[in-house]
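Only one structure is covered here, and it is reproduced in the block below.
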Amino acid sequence: MNTEKVKCLIIGSGPAGYTAAIYIGRANLSPVLYEGLQPGGQLTITTEVENFPGYPEGIGGTQLMDDLRAQAERFGVEIRTGIVTKVDFSERPYKITIDDEKELLAETVIISTGASAKYLGLEDEQKYAGMGVSACATCDGFFYRKKTVAVVGGGDTACEEAIYLASLAKQVYLIVRKPYLRASQIMQERVMNHPKIQVLFEHNATGLFGENGVEGVHLVKRKGEADEEHYDIAIDGFFLAIGHKPNSDVFKPWIETDEVGYILTEEGTPRTKVPGVFAAGDVADPHYRQAITAAGSGCKAAIEAERFLSANGLL
Ligand code: NDP
């Protein structure tokens, strides 16, 4: 197998990965960054980003990621396409296999592989991607001021997103497949008592419709029961809040995660239990999941990696 040595390997190309790359690149440490399956990460599937500091007019998600990439390249970061298929963190330098065909020996590793929002799996979710379908209310809610939206899910995220959207939208439907919410009691109460939120228990969304974007959702009430009912409601936005899956599977034999798969790090730092291996961005963040918090943690991981290399005489 083709083998190569690197001082710092960055895995993932969202705001965390690129920010880490900018810092490591500027420190003259020639980092190598692998982009993964979705170059640019989750921001490339949103439309406009209006809450990343420094852009008073907002910026397109893809443009922001292109700019971060260009900034990383300016400092000599080598950006490559490839998927990590295996890791061996048993001893340093750590072995990382790319696409089952290339092996890297890395003194430090920054894992910034992000998390993927779960979707229902409807064809229409693809069809209307960026045209009314979103998995992030904080990112896209602003576009639905005084409009009608639906949120799918019955957990804390769905309730939080419904409440956030209700502060902007005219009406929010919460589509819940069970006859009860799974969310914490306090969130349930807030949702149930909110004048702008209507909870549709025992409902499943089966499709979307609209000419130039989402105009409505097809619903089934009490699916599979004798009194099953089909009807449509008019909406402008369709938000998924049925959970996220951190992209951490390949690291699990070596790295501690919580039960959902979020990588566990030392409180307030990107340090994992494996010396020289750091985790940044959404893969280690079940709480904030914002581009700016991911970028901040990417910066922390880079500084940690540089200090680790220095402390081990590897600069
Ligand atoms: P959860 O796994 O808690 O909830 C997912 C929800 O989506 C459930 O209601 C589930 O339904 C529903 N769902 C899943 N798949 C489908 C599907 N295919 N069709 C329809 N509905 C579906 O995920 P969350 O993201 O809400 O929360 C993750 C963790 O983060 C939880 O521990 C939560 O408590 C925590 N969290 C805490 C917050 C806070 O404290 N402020 C805020 C946000 C999250 P069902 O119940 O039927 O399985």
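The values are calculated or read from the model by the stated rules, or taken from the named source; none is laboratory data. Every value quoted in this text rests on a predicted model; they were computed, and no experiment measured them. Virtual Cβ from ideal backbone geometry, glycine too; neighbours counted across all protein chains shown. Surface accessibility is based on the protein's heavy atoms, side chains included, excluding ligands, DNA and RNA. Shrake-Rupley method; radii C 1.70, N 1.55, O 1.52, S 1.80 Å.
Summary table below
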{"read-out": "Residue in region 9-52 that is modelled with the lowest pLDDT, counting only those that are in a helix (DSSP H, G or I) and polar (S, T, N, Q)", "value": "44"}
{"read-out": "Residue in region 18-34 that is open to solvent by 50 Å² or more (accessible area, probe 1.4 Å) and over 15 Å from residue 108 (Cβ atoms) present", "value": "yes"}
{"read-out": "Pick from region 269-286, criterion under 13 Å from residue 300 (Cβ atoms) and not in a loop (DSSP other than H, G, I, E, B), ranking: most open to solvent (accessible area, probe 1.4 Å)", "value": "271"}
{"read-out": "Residues that are surrounded by fewer than 17 Cβ atoms within 10 Å (Cβ to Cβ), closer than 19 Å to residue 202 by Cα and away from the ligand (no atom under 12 Å from the Cβ), drawn from region 156-191", "value": "189"}
{"read-out": "Hits in region 208-235 - residues which are crowded, with 16+ Cβ neighbours inside 10 Å and small (Gly, Ala, Ser)", "value": "210, 216"}
{"read-out": "Scan of region 248-300 for residues that are over 15 Å from residue 17 (Cα atoms) and polar (S, T, N, Q), ordered by number", "value": "257, 265, 269, 272"}
{"read-out": "Residue in region 192-210 that is nearest to residue 124 (Cα to Cα), counting only those that are more than 11 Å from the ligand (Cβ to nearest atom) and assigned to a loop (DSSP other than H, G, I, E, B)", "value": "210"}
{"read-out": "Matching residues in region 236-252 - criterion: being at pLDDT below 95 and either open to solvent by 60 Å² or more (accessible area, probe 1.4 Å) or of a type in the set (D, E, K, R) (or both)", "value": "245"}
